[in-house]
Amino acid sequence: KRLGKQHDTFTTPILSGAFAATTAWGVGYPFDLIKTRMQAGGELGIWGTTKQLMSEPGGLYRGFGLKLVRSVPASMIGFCVYEAVKDHLTT
């Protein structure tokens, strides 16, 4: 029974962290890309920058895979650490 508890307290936060990071960046990444492009000196405005990005290879999700390579493991670790500390402090 103890093994089941350990498995559950490890698997659930890992999967939750992966899902949370993927969902959050999947929704927010295009806006972040537009913002970054505008901050780098884009003078086209929001709509012009969006049109320009959409005409490029990868469109609004250019570099999305690299973002997930960084954010998914970080979120998985964060969720696991949070749960471990919470369990330690409440027992």
### Query
Okay, helix-only estimate at 222 nm for the chain: each DSSP H run of n ≥ 4 adds -39500 (n - 2.57), divide by all residues, round to 500 deg cm²/dmol; what do you get?
-29500 deg cm²/dmol
### Message
Testing the spin-label approximation: label points 7 Å from Cα along Cα→Cβ at Arg62 and Met38. State their distance in nm.
### Response
1.7 nm
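For the chain, what value does the Rg/Rh ratio take when both radii are computed over Cα atoms and Rh is the Kirkwood radius, given to two decimals?
Numbers: Rg = 18.5 Å, Rh = 15.3 Å.
Computed over Cα atoms, the ratio is 1.21.
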### Query
Averaged per residue, what accessible surface does the chain expose to a 1.4 Å probe, in Å²?
73 Å²
## Note on the structure
For the chain, whose charge dipole is built from +1 on Lys and Arg Cβ atoms and -1 on Asp and Glu Cβ atoms, the candidate among His88, Ala18, Pro30 with its Cα farthest towards the positive end is His88
### Query
What FRET efficiency would be calculated for the residue pair Met54, Ile77, taking the C-beta separation as r and a Förster radius of 41 Å, to the nearest 0.05?
0.75
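The values are calculated or read from the model by the stated rules, or taken from the named source; none is laboratory data. Since this is a predicted model, take the numbers as computed values, not measurements. Neighbour counts are summed over all protein chains in view; Cβ atoms, including those assigned to glycine, are modelled from backbone coordinates with ideal geometry. Accessible surface areas use protein heavy atoms only, side chains included; no ligands, DNA or RNA. Shrake-Rupley method; radii C 1.70, N 1.55, O 1.52, S 1.80 Å.
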